[in-house]
1. How about the stretch 189-210: which of its residues are outside any strand (DSSP E or B) and either of a type in the set (A, V, I, L, M, F, W, C) or surrounded by fewer than 17 Cβ atoms within 10 Å (Cβ to Cβ) (or both)?
2. Condition first: out of contact with any strand residue (DSSP E or B) (no Cβ under 6 Å at 6 or more places or on another chain), closer than 30 Å to Gly97 by Cα and basic (Lys, Arg). Can you find one or more residues in the stretch 201-222 that meet it?
3. Just to verify a result, which residue in the stretch 52-83, among those that are open to solvent by 50 Å² or more (accessible area, probe 1.4 Å) and touching a helix residue (DSSP H, G or I) at 6+ places or on another chain (Cβ under 7 Å), is nearest to Ala31 (Cα to Cα)?
4. Before we move on, is Glu175 out of contact with any Ser or Thr (no Cβ under 7 Å at 6 or more places or on another chain), on the phi < 0 side of the Ramachandran plot and of a type in the set (D, E, K, R)?
5. Do any helices (runs of 4 or more DSSP H) lying entirely in the stretch 84-188 carry at least 1 residues that are open to solvent by 20 Å² or more (accessible area, probe 1.4 Å) and farther than 24 Å from Ile71 by Cβ, and which ones are they?
6. Test of understanding: among Val147, Val131, Val214, Val230, which residue is of a type outside the set (D, E, K, R), in contact with a helix residue (DSSP H, G or I) (Cβ under 7 Å, 6 or more places away or on another chain) and closer than 30 Å to Val78 by Cα?
7. Considering only the stretch 57-71, state which residues are in a helix (DSSP H, G or I) and either touching a Gly at 6+ places or on another chain (Cβ under 7 Å) or not charged (D, E, K, R) (or both).
8. Scan the stretch 1-14 residue by residue and report those that are in a loop (DSSP other than H, G, I, E, B) and open to solvent by 70 Å² or more (accessible area, probe 1.4 Å).
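The values are calculated or read from the model by the stated rules, or taken from the named source; none is laboratory data. These figures come from a predicted structure and were not determined experimentally. We place every Cβ from the backbone using ideal geometry, glycine too, and count neighbours over all the protein chains shown. Keep in mind that these areas ignore ligands, DNA and RNA; they rest on the heavy atoms of the full protein, side chains included. Shrake-Rupley method; radii C 1.70, N 1.55, O 1.52, S 1.80 Å.
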Amino acid sequence: MKIAIVDDDKEKSEELKGFIVRYCLEHGKKAHIVEFADGIDIVSDYAADYDIVFLGIVMKHLDGIKTAKLIRDMDSKVVLAFVSDDSSYAVHGYSVGATSFMVRPISFEVFEEEFARCIEKAEGGQTKYLVLSTDKGMDRLELDKIVFIESQSHNIIINTTEKLYNAHETMRSLEARLPKEQFMRCNHCYIVNLLHVKGVHGEYALLDGGELKVSRSRRKEFIESWTKYV
């Protein structure tokens, strides 16, 4: 899991981090924890690749509620959890779809129960993503929305159901990071998401709104992989 802690109180942030580490050790989980001292710090360069974000409420530049609203605008999937000294903010926390609102002082037993709920939600509704460097910065692409990837004059273009992305990566490295049961090359220049293949007619794989040529050397393997996937 990738977890963010957003709180301007270093001592409280460290306490929360200690709880997370203890939970992971006792329950066989692994977590990469990133700490932010203010809401403005996480939203100014939000990469939408966190599983869970813990938020304090009162912060100098951008409070936890406003931070959560901005995060939710950029990421509808991330699990949000608030940790506060004041229970009166709870109604605001749940208005942005928070999974948990914990009021200090917090025992490890209380944290353990709430964190388990956060993990269950993060894993239960988990969508698979590809995080990559693009011409705009860092982007998180939902795998099922990728239709195909093409190599065009040394440019790598990701075609999704929503828009195009220019990736700063090679076809080989992308291919290595994609699940082999879902993505396959149909020829030297294209990697296709088998989810979006509607059929294979002769030399072409049919996709919504178009078709891609399947090379003769890859045709048998491509059809077998697509049939197995379907």
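1. The initial filter retains those residues of the stretch 189-210 that are outside any strand (DSSP E or B), namely 189, 194-196, 202-203, 208-209.
Scanning the stretch 189-210 gives Cys189, Leu194, Leu195, Gly202, Glu203, Asp208, Gly209.
2. For the stretch 201-222, residues out of contact with any strand residue (DSSP E or B) (no Cβ under 6 Å at 6 or more places or on another chain), closer than 30 Å to Gly97 by Cα and basic (Lys, Arg): absent.
3. Kept after step one, since they are open to solvent by 50 Å² or more (accessible area, probe 1.4 Å), are these residues of the stretch 52-83: 58, 60-61, 66, 69-70, 72-74, 76-77.
Subsequent filtering for residues that are touching a helix residue (DSSP H, G or I) at 6+ places or on another chain (Cβ under 7 Å) retains 61, 66, 70.
Numbers: His61: 28, Lys66: 26, Leu70: 24 Å.
My answer is Leu70.
4. Values: out of contact with any Ser or Thr (no Cβ under 7 Å at 6 or more places or on another chain): yes; on the phi < 0 side of the Ramachandran plot: yes; of a type in the set (D, E, K, R): yes.
Considered against the rule, which asks whether it is out of contact with any Ser or Thr (no Cβ under 7 Å at 6 or more places or on another chain), on the phi < 0 side of the Ramachandran plot and of a type in the set (D, E, K, R), Glu175 comes out as yes.
5. On the way: elements: 90-94, 108-124, 171-177.
Result: 108-124, 171-177.
6. Numbers: Val131 fails: in contact with a helix residue (DSSP H, G or I) (Cβ under 7 Å, 6 or more places away or on another chain); Val214 fails: closer than 30 Å to Val78 by Cα; Val230 fails: in contact with a helix residue (DSSP H, G or I) (Cβ under 7 Å, 6 or more places away or on another chain).
So the residue among Val147, Val131, Val214, Val230 that is of a type outside the set (D, E, K, R), in contact with a helix residue (DSSP H, G or I) (Cβ under 7 Å, 6 or more places away or on another chain) and closer than 30 Å to Val78 by Cα is Val147.
7. To start, the set of residues in the stretch 57-71 that are in a helix (DSSP H, G or I) comprises 64-71.
Those that are in a helix (DSSP H, G or I) and either touching a Gly at 6+ places or on another chain (Cβ under 7 Å) or not charged (D, E, K, R) (or both): Gly64, Ile65, Lys66, Thr67, Ala68, Leu70, Ile71.
8. If we filter the stretch 1-14 for residues that are in a loop (DSSP other than H, G, I, E, B), which is where we start, we get 1, 7-9.
Result: Asp8, single match.
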